[in-house]
Amino acid sequence: MDELPASNIPEYTVTEISGAVKRTLEGAFGRVRVRGEITELKRYPSGHIYFSLKDEGGKIAGVVWKSAVSRLGLDPENGVEVIAQGKISAYGDRSTYQLIVERMDYAGAGALLARIELLRARLAAEGLFDAARKKSFPLLPEVVGVVTSERGAVIQDIRTTIQRRFPRHILLWPVPVQGEGAAAKIAEAIRGFDALPKDGPIPRPDVLIVARGGGSLEDLMAFNEEVVVRAAAACRIPLISAVGHETDTTLIDHVSDRRAPTPTAAAEIAVPSRVELAADLQQKGARLIGALNRLAQECRLRLQRAERGLPDLPNLVGTARQRLDDRAARLGLALPNLLAARRTALERAERGLPDLPTLIAAARQRLDEQSFRLRLALPSFVTLRQAALTLASEQLRSALRHAVAGRAAAAARVLPRLTDAPLRARLREARARLEGVGARLESVSHTAVLARGYALVFDRAGAPVTSAKMVRSGMDLRLQFADGDVRAVAGGRAESRQRTLPL
């Protein structure tokens, strides 16, 4: 085998070359800031984020380790232009280089506005900004909840305004209003207020104010995050957003129930003015008193008009009393006159009645005369009835004799017909049918069965015994054979033997 020619070119392994390239990249560039559009974003179960940054001329791979995700400063999304800060390194297994990112920032106001607009369009399509979802506010809340920074001037403005207008209880949930993790804290505060029970140890606010002072677009980005907008949309407490100045608009303003241009205006919306309420109450009280006075005056006028239309009651009572006295006097005179008239009519009717004893005597006399005439006519009536009965009896005997004679002659005329041939034939047919029916009846008669050697078993009462289970030892039995009956006494029960008949 020929030896290879000697060469002064150094020889490296793949690992040595990969390590040298990695050290060269890390040493030459160190920490860098790279501007580009995020694409090919992937989140792995391990917690790492892999993506690419691209511009018009090229593309570079990037990775965010799990430990740096919480400190990244924003939530990376595809299509967003960012400035990624980190260091260049190489991945020897694939011979590629990549940017290990430790922090990201939006690349200027244009990128922020584009991201906000995309999120706004998506949430609007879900209906989170619909006016029908807006809740009404109570007239005078007992507790006002505030989500803002505890060290800013915002909480002081809100507290001073509420104290001036109508002192109410203020419940503060302090949160950072900008910077890393601010959006998550704000969303957590909104959900925490909403989760408070109504009768718990910590009172649940009747109105919720989410506020912060003015600032740049980057300073207000926490209130444009999706987590904050969704928490505000899901809140059951009427919510007022007061973020930035009057010209500043964030996504929480679209989803809140009311938007206030400043935190002071938010406090004025949440709590009414006590002076204005007192003035309004006084005005309504004066209007109510005036209306009652007018109503009383109208009622008084109607009563006066009705009084003028009423008749003179004392005069009416006097006339009625005089009429009553007149009727009483006339009644006192009418009763004796009525009794006298009734008495005269009764006497006149009495004089027109007949003499009752005379009438009775005349009726008794007529009865005696009719009784005498009846006693005279009764013997003649009895004689006539006896003669009529004797005549009817003779006529009946004569009719019976004629009837008996007629029946005998008719029998003499019918008797020869019985000896005719058709009649004899019918008699033979009838006799044959009778004999056939008798034979069939004899075949099914129990006497024929008894004649073949069988017997019927009866108990002492004459009831048939049809099963061996009905027989007890010492029981009196009666056995009926074809030629007579036999008395018997039952002994013990014999064993049941099964007999096999030959085939």
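State all residues of segment 94-112 that are surrounded by 14 or more Cβ atoms within 10 Å (Cβ to Cβ) and either in contact with a His (Cβ under 7 Å, 6 or more places away or on another chain) or at pLDDT 70 or above (or both); if no residue qualifies, say none.
Within segment 94-112, 97, 98, 99, 100, 101, 102, 103, 104, 105, 106, 107 meet the criteria.
Can you tell me which of (1) under 30 Å from residue 264 (Cβ atoms); (2) surrounded by 13 or more Cβ atoms within 10 Å (Cβ to Cβ); (3) not aliphatic (A, V, I, L, M) is the one residue 91 doesn't meet?
Unmet for residue 91, out of (1) under 30 Å from residue 264 (Cβ atoms); (2) surrounded by 13 or more Cβ atoms within 10 Å (Cβ to Cβ); (3) not aliphatic (A, V, I, L, M): (1).
Could you grab me the full set of residues in segment 85-107 that are within 60 Å of the chain's Cα centre (by Cα) and assigned to a strand (DSSP E or B)?
101, 102, 103, 104, 105, 106
Yes or no: segment 157-176 includes at least one residue that is over 12 Å from residue 210 (Cα atoms), in contact (Cβ under 8 Å) with a residue 24 or more places away in the chain, among the polar types (S, T, N, Q) and buried (at least 17 other Cβ atoms within 10 Å of the Cβ).
Yes: one or more hits.
Let me confirm something: among 169, 245, 254, which residue is more than 30 Å from residue 103 (Cβ to Cβ) and either modelled with pLDDT under 90 or out of contact with any Gly (no Cβ under 8 Å at 6 or more places or on another chain) (or both)?
Matching residue, one of 169, 245, 254: 169.
I'm told residue 311 meets every condition in (1) at pLDDT below 85; (2) surrounded by fewer than 10 Cβ atoms within 10 Å (Cβ to Cβ); (3) part of a helix (DSSP H, G or I) except one. Can you identify the failing condition by its number?
(3)
Would you pick out the residues in segment 17-67 that are assigned to a loop (DSSP other than H, G, I, E, B) and either without any contact (Cβ under 8 Å) to a residue 12 or more places away in the chain or surrounded by 10 or more Cβ atoms within 10 Å (Cβ to Cβ) (or both)?
Within segment 17-67, 44, 45, 47, 48, 55, 56, 57, 58, 65 qualify.
Can you find a residue that is surrounded by 17 or more Cβ atoms within 10 Å (Cβ to Cβ) and over 19 Å from residue 256 (Cα atoms) anywhere in segment 199-218?
No: zero hits.
Residues to consider are 424, 343, 348; find the one that is in a helix (DSSP H, G or I), modelled with pLDDT of 70 or more, surrounded by 10 or more Cβ atoms within 10 Å (Cβ to Cβ) and of a type in the set (D, E, K, R).
343
When you scan segment 247-299, how many residues do you find that are exposed (fewer than 11 other Cβ atoms within 10 Å of the Cβ), farther than 21 Å from residue 217 by Cα and of a type outside the set (A, V, I, L, M)?
11
With respect to the numbered conditions (1) exposed (fewer than 14 other Cβ atoms within 10 Å of the Cβ); (2) at pLDDT 90 or above, which one is the sole condition not fulfilled by residue 150?
Looking at each condition in turn, residue 150 falls short on (2).
Identify, please: which residue in segment 189-222 is part of a helix (DSSP H, G or I) and without any contact (Cβ under 8 Å) to a residue 40 or more places away in the chain and is, among those, farthest from residue 264 (Cα to Cα)?
Only one residue tops the list, namely 195.
In a strand (DSSP E or B), over 30 Å from residue 275 (Cα atoms) and not hydrophobic (A, V, I, L, M, F, W, C) - does that describe any residue in segment 159-181?
Yes, segment 159-181 contains at least one residue that is in a strand (DSSP E or B), over 30 Å from residue 275 (Cα atoms) and not hydrophobic (A, V, I, L, M, F, W, C).
The values are calculated or read from the model by the stated rules, or taken from the named source; none is laboratory data. Since the structure is predicted, the reported quantities are computational estimates derived from the model, not experimental observations. Positions of Cβ are generated from backbone atoms using ideal geometry, with glycine treated the same way; all protein chains shown enter the neighbour counts.
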